[in-house]
1. Just to verify a result, which residue in segment 34-45, among those that are in contact with a helix residue (DSSP H, G or I) (Cβ under 9 Å, 6 or more places away or on another chain) and surrounded by 13 or more Cβ atoms within 10 Å (Cβ to Cβ), is modelled with the lowest pLDDT?
2. Count, please, the residues in segment 10-28 that happen to be of a type in the set (A, V, I, L, M, F, W, C), within 8 Å of the chain's Cα centre (by Cα) and loosely packed, with under 11 Cβ neighbours inside 10 Å.
Amino acid sequence: MREEKRYYVYIMANRSLTLYTGVTGDIYHRALQHKAGEIEGFTKK
């Protein structure tokens, strides 16, 4: 039997309250990455 993969669409805001959307298979890990500034680009600035 094939294991089902789940994906999540998420919305985050930077300090200027501009919204960012993304897709991930591990929502908890991705939130930690954004908070730690590990993701280059929009939310790191």
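1. Thr43
2. 2
The values are calculated or read from the model by the stated rules, or taken from the named source; none is laboratory data. Quick caveat: nothing in here was measured; it's all calculated off a predicted structure. Counting neighbours? That spans all protein chains shown, and the Cβs are built from the backbone with ideal geometry, glycine included.
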